[in-house]
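S.K.: First the structure, which I've put down as structure tokens, then a few questions once you've had a look.
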Amino acid sequence: MTNLKRIQARARELARSGKFHGWRPVAFELRFDNGYEEAREWLHSAAVRDELDRLCHIARASKDQAA
């Protein structure tokens, strides 16, 4: 698996965890991972930011309903 694919999978995993409020905290968490620099452009694209924000929102809503 390439670094980009690994970072993409990790970003979505973090967003789905329900621990993050949006793409910025996810991006901050990822900057410590190997391959972040290779994935930086992908991570900061508008479409990816929207996707990660949406995943975070859905995960947090589900987490709140379960509590």
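S.K.: Check every DSSP H run in the chain and write down those whose alpha carbon atoms cover 27 angstrom or more along the long axis and whose mean Kyte-Doolittle hydropathy is -1.0 or greater.
M.R.: Correct list, ordered by number: 46-66.
S.K.: Name all residues of the range 27-42 having a backbone nitrogen under 18 Å from the label point set 7 Å from the Cα of LYS63 along its Cα→Cβ direction, giving them as ranges.
M.R.: Label zone hits: 27-31.
Read the figures in this text as sums done on the coordinates, not as results from a lab. Keep in mind that what you see is a predicted model, and the values were worked out from it rather than measured. Note: ideal-geometry Cβ built from the backbone for every residue, glycine included; neighbour counts use all protein chains shown.
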